[in-house]
1. With (1) farther than 19 Å from B:N219 by Cβ; (2) outside any helix (DSSP H, G or I); (3) open to solvent by 20 Å² or more (accessible area, probe 1.4 Å) as the list, and B:S130 as the residue in question, which single condition is left unmet?
2. For region B:100-109, state whether one or more residues are under 22 Å from A:L107 (Cα atoms), open to solvent by less than 10 Å² (accessible area, probe 1.4 Å) and touching a residue at least 60 places away in the same chain (Cβ under 8 Å).
3. I want to confirm something. Restricting to region B:86-99 and keeping residues that are in a loop (DSSP other than H, G, I, E, B) and open to solvent by less than 40 Å² (accessible area, probe 1.4 Å), which single residue is farthest from A:F113 (Cα to Cα)?
4. I'd like the full set of residues that are modelled with pLDDT under 95 and open to solvent by less than 60 Å² (accessible area, probe 1.4 Å), limited to region B:187-217.
5. Across region A:150-175, which residue is farthest from the other protein chains (Cβ to nearest Cβ) among those that are aliphatic (A, V, I, L, M) and open to solvent by less than 30 Å² (accessible area, probe 1.4 Å)?
6. Could you grab the pairs with beta carbons closer than 6 Å, sequence gap of 6+ or different chains, first residue in region A:59-80 and within 18 Å of A:G177 (Cα to Cα) and assigned by TED's automatic domain parsing to the domain that holds A:R110, second one among the polar types (S, T, N, Q) and open to solvent by 40 Å² or more (accessible area, probe 1.4 Å)?
7. Residues that are within 26 Å of B:D12 (Cα to Cα): find the strands (runs of 3 or more DSSP E) completely inside region A:85-157 holding 2 or more of those.
8. If only one of A:G222, A:G218, A:G226, A:G251 is buried (at least 21 other Cβ atoms within 10 Å of the Cβ) and among the small types (G, A, S), which one is it?
Amino acid sequence: MSDNKGVMIVGEVVEGKLSPIAAELLGCGRKLADDLGQELSAVIIGSGVSGLAEQAISQGADKVYVVDDALLKDYQTDSYLSVMDKVVKEAMPQIVLMGQTSMGRDLAPRLAFRLETSAALDCIALEIDPDSKRLLQTKPVYGGNAQAIYSSDIDPQIATVRPKVMSPLAPDSAKKGEVITIDAGLDASAIRTSVLETVLEEVVGIKLEDAPVVVSGGRGMGGPEGFEQLAELAKMLKGAVGCTRPVCDSGWMPDTQQVGLTGKIVTPDFYIAVALSGSSQHMAGCSSSKTIVAINKDPEANIFKEAQYGVVGDWKKVIPAFTEKVKELLG
Amino acid sequence: MNMIVCCKQVIDPEAPPASFRVDAGANKVLPPQGVPPVISPFDEQAVEAALRIKDAQGGTITALTMGNNLLRDVVKKPLSMGADELVLLEDAAFEDGDGWSNAYALAEAIKKIGEYDIIFCGRQAADWDSGQVGSGIAEILGLPSVTLAKKVDVADGKAKVERVIPDGYEVVEVSLPALITVSNELGEARYPTIKGIMAAKRKEPTVWKPADIGVDASNIGANGRRAKLVKLFQPVKEGHCEIIEGDSPEEAAVGLAMKLREVKVF
């Protein structure tokens, strides 16, 4: 145990704005900091990002560390690691939280090793142990079949948090906080990677992670053709089409539509699971949906343990009739 | 091109969820009856990434697996796929590690293996899903790392890596030697050929104990952990699904739509 104090979150910047996960981390971090009776700080790293500090304060931070440098425009392991190492050594927090994003899952473990501490990735619950005052980190393991609670005696305790699990606070523009600028102190020659280009898949219609309705198909769809029918249903419900990992592995759908542990995490109001068994790896990406409906010909499929409503039957018969009736009801 | 691929033997993640059991007292997962362990699928894809480079420009691939009582038929799979060498860190002292102690032991073994241009790991192991060992090895060895690769090309002492991001990928160039973790978007790992299986049968793995890689038993496996496992449990599923019946699937489908409309799901 050490003299480290405070909860620090890393506020990820996407396209010049604080990303939604930053607000979620501030909400979660605020609660942990209050439980410890300590302060909550945010670190904002990037190029041209100093204007974002006030937003982090309004969303819960007492203090914001800003590291603004042209070399930090893109996320690079070496540069961000060097910056976080420096900020943590200066601020000496007890807890460091990041989002379970492409950045967080890359940066958190490397930072933990550099600081000779430990990290828990993809946490879905975080709380302070009332006796030991240590952070208890709950994360799914074994593809979601089980959950583990980790803790550690070494500071800082580092965790990444799964998106859309924690609630942001209502912004309070009257809240005051301190902004501290830290020099990145980077040596460009020490950055051993460079991003040559970014290739984005073109998304037709609504983005999967923003869609209020998601219609997902699994291996039981039998091929890419069936997904056109799911797309028709999704469009009618103003939703998006998702799929399981085997569907992507077979090339029936682009990788960007994969829902699950290693794909997208979605939390729509309405999730329609078609011809998918409901493996724990898939459910890790959709189990927080408000209503899950299952259509599967196997009455023993695990998805019926996860869904609130279901039909046992072949999707080829169920989906056209269902789509027709939905269309009629939507008038 | 010398490549090392870290491969973990795990409980088969494709085993039916109903067979999954936790021994809550011991905080351990009980291996399912009759389902043999496998190489963690992301690690198999890491082997595949290395094989594609070997196919294109030649090179040697050393698979590295750590554990205890490792099943030879399982851990030899990378050999049967086309890897050249197999090194096993096999001892009771290597068991039950966390990301920290596992990365430490693997990094020390990699130092002993010596020459390498690329170290490949799966993005996370299919058992504890910790996702830290690759980055940890890179940090211990002072190497640059690129995580979540879906494609790796090598030229002129550098690797060009397509790294998966939420809406596509970024192309990252990294100087070698480097550590690269592989994601499932790389595509399916190849099946072993009969010739490969025969060659793997004849090949004896190199087995190292903690002393062989110069590590102290207090720093590896369960003794070397920094993360304490406080509790392991299976989340309780509520499981009350209302099944909409009908004389035909079409009729059930209509009933489902009406029910969902009635409860204002859409």
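The values are calculated or read from the model by the stated rules, or taken from the named source; none is laboratory data. Fair warning: this is a prediction, and the values are worked out from it, not measured in the lab. Here Cβ is always computed from backbone atoms with ideal geometry, including for glycine, and neighbour counts include all displayed protein chains. Side chains are part of the model used for accessible areas, which takes the heavy atoms of the whole protein and leaves out ligands, DNA and RNA. Shrake-Rupley method; radii C 1.70, N 1.55, O 1.52, S 1.80 Å.
1. The number of the failed condition is (1).
2. For region B:100-109, residues under 22 Å from A:L107 (Cα atoms), open to solvent by less than 10 Å² (accessible area, probe 1.4 Å) and touching a residue at least 60 places away in the same chain (Cβ under 8 Å): present.
3. Among them, the one singled out is B:D91.
4. Passing the criteria: B:G187, B:A217.
5. Looking at the filtered set, the residue picked out is A:V161.
6. A:V66/A:S50; A:V66/A:T181
7. Those strands (runs of 3 or more DSSP E) span A:119-123, A:135-141, A:146-151.
8. On the way: A:G222 fails: buried (at least 21 other Cβ atoms within 10 Å of the Cβ); A:G226 fails: buried (at least 21 other Cβ atoms within 10 Å of the Cβ); A:G251 fails: buried (at least 21 other Cβ atoms within 10 Å of the Cβ).
Answer to the check: A:G218.
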